[in-house]
Each structure stands twice: as C-alpha cells, then as structure tokens.
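Below is one structure, written out as structure tokens; the observations come after it.
Taken together, the values in this text are just the output of simple stated rules run on the coordinates, not laboratory data. In this text the structure is predicted, and so the values were computed from the model without any measurement. All Cβ positions, glycine included, derive from the backbone under ideal geometry; neighbour counts span all protein chains shown.
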Amino acid sequence: MTRLNNSLAPPPVYDRGQPCGVVHLGTGAFHRAHQAAYFDALMAAGEAGWMIQGASLRSPRVAEQMNPQDGLFTMVVRDGVEDREQVIGSIKSVLVAPEDPAALVAALADPVVSLVTLTITEKGYCIDPASGALRTEDPGVRADMADLSAPRTAPGFLVAGLQARRAAGLAPFTVLSCDNLPHNGARTREAVLAMARAVDPELADWIAEHGAFPSSMVDRIVPATLAEDVDALEASAGYRDEATVKTEPFTQWVVEDWFAGPRPPLERVGVQFTTDVAGWENAKLRLLNGAHSALAYLGALAGHPFVHVAMAAPGYRELVQAIWEEAGATLGPLEGFDRAEYCAALTARFNNPALQHKTHQIAMDGSQKLPQRFLNTIRVRRAAGLAHPTLSLAVAGWIRWQFARDDTGETYTVDDPLAGVTGAIIARHKGAVRPVTEDILRLEQVFGTDLPSAAHFVAEISGLVEALVRRGTGNLVAAFAR
C-alpha cells in the first residue's frame with residue numbers, strides 16, 4: 001500500500017514550505033506526540049515560521065520512517081473508548097547526524113532558526129546523573145572537545161552551531177530541553193558551557209552572556225508503537241505510516257519564559273509560560289515518573305508486561321499510592337497545582353488499557369533516572385527525619401532488575417548505560433544478593449557519596465533486594481494490599 005505523503009494526507013491549513021524556525025534533536029515518538037503536535041497547532045492557528053527541522057543523533061531509523069513520507073506522520077490519540085487520528089505536518093524532514101554532521105551544524109547556524117529543542121533522553125546530555133557535570137571521560141565528549149569539525153554528542157552539536165552563528169555575526173538560538181531532568185535548562189547550559197570552554201573560552205563567555213537555556217516540564221504518555229499499531233492504522237486510513245505514534249489525550253508543557261530571540265507564542269495552544277518551572281518539574285518527576293519507574297521494575301519482575309496490567313495486580317495500586325504519599329510530602333506549594341486531583345488523573349492514565357505501555361520500555365536507562373525519580377526524594381525525606389520504605393522498595397526493584405532474570409526465570413536485556421558495570425558486579429559475586437547490592441550502591445555516578453555512607457539506607461535496600469529475590473516481587477508487592 002502507498003506510504004503517507006503530501007498527496008495522500010489531508011492538506012494542512014498552513015504552508016509547510018515556510019521556514020524552519022526550530023531545530024529539534026531527537027525526533028522520536030515522544031517529540032512527535034508532544035512538541036511537534038503543539039507547533040502543528042500553533043501554525044494551524046496562523047502563526048508562521050515555526051516548522052521543525054528534525055535530527056537524529058544516533059540511528060537513521062526515524063529518518064527512514066519520515067523522509068519518504070514528506071515528514072508527515074499520524075498521531076493516534078487513544079482514550080480507551082475510541083481512537084482519534086490526526087496527521088501532523090510540522091516536521092519538514094529528519095537529518096541523521098552521524099551520516100552528515102555538517103548538515104546538522106549548518107541547520108543550527110541557519111539565520112531563520114531561533115529555537116533548538118531536545119528530547120534525547122537523560123543519557124544524551126552526557127552529564128553525570130548525580131552531579132550534573134559534563135562527563136569528560138565519555139569518548140564522544142573527549143572527541144568533541146578536541147575537534148568540533150564533525151560533532152558526535154548533543155553538547156558538541158550545540159556548541160558547533162553556536163560557534164558558527166557567532167562567526168557569522170548572528171545571535172544565539174535558545175536551547176530548550178524537553179527531557180525529564182531536574183533543572184533541565186540549567187543542566188543543559190552547564191554541559192554546553194563546559195564543552196565551549198574546552199573549545200574556545202571566548203565562545204563560552206559569549207554563550208553565557210547572550211544565550212538562553214529555559215527549563216521546561218513536559219508530560220504525555222507515549223508508548224512504543226508496535227507493528228500491529230501500524231497495521232491497524234493502514235487498515236483504517238488507507239495508507240501506510242511507518243512513523244505512527246500513539247498517545248493519550250492528556251498533554252502538558254510548562255516552559256520558563258527566558259528566550260534569546262523570538263519566542264513562539266505557544267500560549268495560544270495551551271503551553272504555560274512561567275518564571276519558575278522547578279515546582280512543576282519536581283511534581284512530575286516524583287509523582288508521575290517515580291510511580292512509572294516503580295511500576296516498571298516491580299511490575300516487569302512479576303511478569304506484568306504493561307502498566308495497566310500491573311495496576312490491576314494485587315498490591316500495585318497501593319504501592320503507587322504509597323509512592324505518592326512519600327513523594328508528595330516533599331513537594332512545596334505550587335500555584336495552580338492540586339496534588340489529589342493530579343494523582344487521581346494519573347490513576348486514570350495508568351489504567352488506560354488502550355495505550356499498551358510496556359513496563360520494559362519504562363525500565364530503560366534506569367541508572368540515569370534513579371537520582372531524580374527516587375534518590376533526591378529520599379534525600380529530602382531523610383533530611384526531614386522521615387522514613388521512605390516505598391521509595392526504598394522501588395530502588396531495590398531497580399537493583400533486582402540488574403540480575404536480568406524475572407521471578408518466573410525469564411531472561412531479558414538490561415538496557416542501561418551501566419548495564420556492563422552492574423553485570424560485572426553480579427558476575428564477580430556469582431549472583432550473591434547482598435554483596436551485589438552493596439557494590440551497586442557504591443556506584444557514585446548513581447547514588448553519590450552520601451547515601452552509600454548511610455548504614456541504615458544500605459541495610460534497608462539490601463534487605464529489600466533479598467526479600468524480592470526470596471519471596472518474589474509479586475508476593476512482596478501484594479503485601480501492600482493487606
């Protein structure tokens with residue numbers, strides 16, 4: 001059947017030939033269901049100049065999906081009752097950075113570009129998840145610091161693009177992180193400045209003085225698209241769309257109002273601009289993302305393939321409620337935020353069977369996510385003299401996950417930047433649970449130095465990992481229902 005293209009799609013109400021005012025790094029499913037949908041709505045509302053030049057920093061897969069389709073894709077919104085299909089036209093095309101790094105640098109240096117957005121996952125920033133510092137020992141970071149003629153990392157591309165703009169007498173673009181990092185704007189800025197200082201200290205000074213790195217909070221559940229999703233859309237729409245994304249009706253975007261140049265008027269399509277994103281970041285990371293990760297590890301270990309399946313199993317709803325009680329107590333007052341209403345909405349979102357959100361998908365890259373989803377919350381509770389048994393169980397679930405074998409004996413791949421490190425620890429101790437746990441807890445890049453030095457914390461986590469192995473994850477979680 002014919003692939004989706006300009007001749008097949010319903011014509012957009014805006015000109016797709018208009019300039020790309022945005023470059024986006026990481027044109028994956030989340031970006032397509034979130035930022036791209038907002039810019040599509042913005043241009044449909046009559047605001048011109050905000051087409052997106054997409055870019056992939058690793059695989060050509062997304063380019064192969066989208067470029068033969070003229071950059072078009074279908075967003076399928078599922079609420080559990082019906083599906084709503086919408087063709088999104090805001091992405092012009094997708095560059096593949098490893099194949100032609102100069103093309104991406106040229107796109108970043110284009111005078112019409114005023115905004116660069118990123119959804120590259122936590123590990124894509126090449127920063128230490130505990131300290132937030134640029135990981136200068138990373139081979140790609142080292143290579144970019146030595147020679148920016150063909151960048152390899154996101155910080156490298158951003159600095160190369162800014163360097164080219166400065167040389168051309170252009171203003172810098174605004175760099176807007178849309179990843180689940182606390183203070184993501186400040187962390188992106190520090191990574192870029194650290195890279196720039198190594199390349200050219202005067203460039204770093206120019207970026208520091210004239211650049212802008214607003215923080216943002218993004219929220220929308222976007223599960224991985226399955227082959228059967230693509231087949232189902234083909235049957236209903238009459239065209240083949242290899243770039244299909246599926247998502248939920250809920251969507252939210254909160255952006256710090258700090259821009260180096262033209263600011264897209266996204267408030268017209270529901271984006272909330274604010275002077276303080278931190279409170280929204282913490283609420284989302286600790287409540288939604290924390291509960292998601294707890295369900296991922298403790299659900300997948302018990303053999304539950306999807307979030308809604310785990311939520312229906314004995315004890316898991318109570319587990320999530322306990323996570324929210326412990327994490328919610330660490331949140332300060334936030335204007336316009338009602339925690340009870342937010343958690344009630346999360347419960348409905350987690351129970352949406354139409355999303356088919358895989359626990360294994362959420363479990364990816366846990367070493368990069370643990371500090372902001374659990375460990376920082378634990379630190380706040382410890383400083384206040386409060387216990388954190390459920391958060392500790394979630395951390396123990398991540399450590400138990402490193403053994404790459406669930407409670408039924410099924411094996412799986414641990415998809416994590418530190419999988420080689422944790423796997424070596426398990427091999428060294430021949431799977432002995434307590435010494436493995438104690439060694440993993442000593443990983444400073446995840447746990448810092450404070451938590452591993454707290455004897456009670458180490459003992460609590462070690463005991464919980466042993467209990468997960470001895471009693472079985474499902475049985476242990478079921479205790480929350482009693």
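What to note about this one:
- Across the range 109-125, computed HN-Hα scalar couplings (Karplus, 6.51 cos²θ - 1.76 cosθ + 1.60, θ = phi - 60°) run 8, 4, x, 7, 7, 10, 9, 10, 10, 9, 9, 10, 6, 4, 6, x, 7 Hz from first to last residue, x flagging Gly and Pro.
- Counting only alpha carbon atoms, the long axis of helix 316-328 and the longest principal axis of the chain meet at about 70°.
- Taking 0.36 nm per residue of separation and subtracting the current Cα-Cα distance, fully stretching the chain between A419 and E64 would add 124.9 nm.
- For the chain, the relative contact order works out to 14 percent when only alpha carbon pairs closer than 8 Å and six or more residues apart are counted.
- Longest segment of the chain lacking chymotrypsin sites (Phe, Trp or Tyr not before Pro) that sit in a DSSP loop with at most 14 other Cβ atoms within 10 Å: 1-336
- Taking Cα atoms only, the orientation of helix 201-210 departs from the longest principal axis of the chain by about 80 degrees.
- Between A224 and A143, full extension at 0.36 nm per residue minus the direct alpha carbon distance yields a gain of 25.9 nm.
- Distance between modelled label sites at R428 and F250, nm, 7 Å Cα→Cβ extension: 4.1
- Pairwise label distance in nanometres, D100 with D231, each label 7 Å out on the Cα-Cβ vector: 3.5
- Taking 0.36 nm per residue of separation and subtracting the current Cα-Cα distance, fully stretching the chain between E410 and E318 would add 30.5 nm.
- Residue-averaged [θ]222 nm for the chain, counting only DSSP H segments that reach four residues, each worth -39500 (n - 2.57): -12500 deg cm²/dmol
- Helix axis angle, 455-471 relative to the chain longest principal axis, alpha carbon, degrees: 80
- Those lysines that a straight Cα-Cα span of less than 25 Å connects to K246, excepting residues fewer than 8 apart in one chain: K92, K123, K284, K358, K369
- Karplus-derived HN-Hα couplings along the range 402-412 (A = 6.51, B = -1.76, C = 1.60, θ = phi - 60°), whole Hz, x at Gly and Pro: 5, 6, 6, 8, 7, 5, 8, x, 5, 9, 8
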